[in-house]
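Data block below; observations after.
The values are calculated or read from the model by the stated rules, or taken from the named source; none is laboratory data. Note that this is a predicted model, so its numbers are computed, not measured. Here Cβ is always computed from backbone atoms with ideal geometry, including for glycine, and neighbour counts include all displayed protein chains.
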């Protein structure tokens, strides 16, 4: 009965208390709706990435990047590192048991007391199990485990963030490559047209029907197209190299899929509610996990200001003869305790707590900043999607009008109604309009990709 009466006190001593604040998610001002007008419905971020990108070649490139990209591989290895650290930290909460075996022989000096009573060699053999256990009275070990767990969660969310960014970067770079392919095709087509025009004008000049300046102007425009081809070829090669780097490979050619104008873009892009970003965006979740881990470190610093108690024990056998090591008379045991309490340290303990509080304040401000940046990125992406869509529609109309103007100008020039200057101006406008239309289409598609990324969508394992 007496042992049972002391049991609650033993349990209380072993469990102790946990110093420091418990983490609670900060109250942040979250806008109820986005500033930009958005479609109503389930968040666009819930779309699976292989449903968003219909180009099968792009899907293959993304799969290669998810398997071979070095940045993602580093992030995965970092998760394993923090998982191992958590295991080590958590193990400190439990007793450790070690096996210790030793044996030796000594030949003491005859001029010592031990040597004078000894005759020959002294043998000693020992086999024991040693136990060590620190009582976590004030929660230092529990808070350390809590901090390690927060760091692991932050590493996992960082990996998700890198994965989403990787998918978006591969898709955006691929769209840039297809845009440059289209620009190169436009420049080559323009070069062929201008080469034919130069031949016609040179023939007319030889017949004396057009002045020399028309020939020179045609040569200038042909050189402009040739220069545009060289620039586009350079940019295509450099973009292929950049995409290869994202794939985790050496620079090399990239297999193309659908042209830019055939890339699928969702007709409706609902963004969901702003409050969903706090649960979806991996960078926000990583920052919150870091804040939780840092909050736990305040408790670690607080616990270091209080006494710590550790228990040790040994049980085993010890003998001077190996043959009698396990005999009944060779067994031994020992048990002890140790208490350590800081007494005078010139305020180092309090300063350590203050430092952790200041670091927690920094982590809180970083978390708030991350949330605000997330809202800003979504707003920027929403306005980009809306305006680039309108701009591309206008560019399409511009190309249609420019083609008609170029055709009519050429007909008027051939009929002798107008000068070659009008033809040049119309063809320049057509060339610029076609390039701008391709660039704007790519920017529109990329704005959809950026919105997808900003909303925290982009990645789940395909097998799930």
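Below is a table of values for the structure above.
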read-out: Sole exception among (1) at pLDDT below 85; (2) closer than 30 Å to residue 353 by Cα for residue 86, by number; value: (1)
read-out: Close pairs from the range 23-50: first without any contact (Cβ under 8 Å) to a residue 60 or more places away in the chain and not assigned by TED's automatic domain parsing to the domain that holds residue 284, partner surrounded by 12 or more Cβ atoms within 10 Å (Cβ to Cβ) and not in a loop (DSSP other than H, G, I, E, B), Cβ under 8 Å, at least 6 apart; value: none
read-out: Given (1) part of a helix (DSSP H, G or I); (2) modelled with pLDDT of 85 or more, index of the condition residue 339 fails; value: (1)
read-out: Residue that is surrounded by the fewest Cβ atoms within 10 Å (Cβ to Cβ) [pool: residues in the range 11-39 that are over 29 Å from the mean Cα position of the chain (by Cα) and modelled with pLDDT under 75]; value: 11
read-out: Test for residue 197: is it closer than 29 Å to residue 49 by Cβ and either touching a residue at least 60 places away in the same chain (Cβ under 8 Å) or in a helix (DSSP H, G or I) (or both); value: no
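Here's the yes/no breakdown for (1) outside the structural domain of residue 363 (by TED's automatic domain parsing); (2) surrounded by fewer than 17 Cβ atoms within 10 Å (Cβ to Cβ); (3) within 30 Å of residue 145 (Cβ to Cβ):
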{"site": "206", "(1), (2), (3)": "yes, yes, no"}
{"site": "255", "(1), (2), (3)": "no, yes, no"}
{"site": "258", "(1), (2), (3)": "no, yes, no"}
{"site": "273", "(1), (2), (3)": "no, yes, no"}
{"site": "283", "(1), (2), (3)": "no, no, yes"}
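To keep it simple, each residue is scored yes or no on (1) surrounded by fewer than 18 Cβ atoms within 10 Å (Cβ to Cβ); (2) in contact (Cβ under 8 Å) with a residue 60 or more places away in the chain; (3) over 26 Å from residue 294 (Cα atoms).
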site: 361; (1), (2), (3): yes, no, no
site: 364; (1), (2), (3): yes, yes, no
site: 370; (1), (2), (3): no, yes, no
site: 378; (1), (2), (3): no, yes, yes
site: 384; (1), (2), (3): no, yes, yes
site: 387; (1), (2), (3): yes, no, yes
site: 394; (1), (2), (3): yes, no, yes
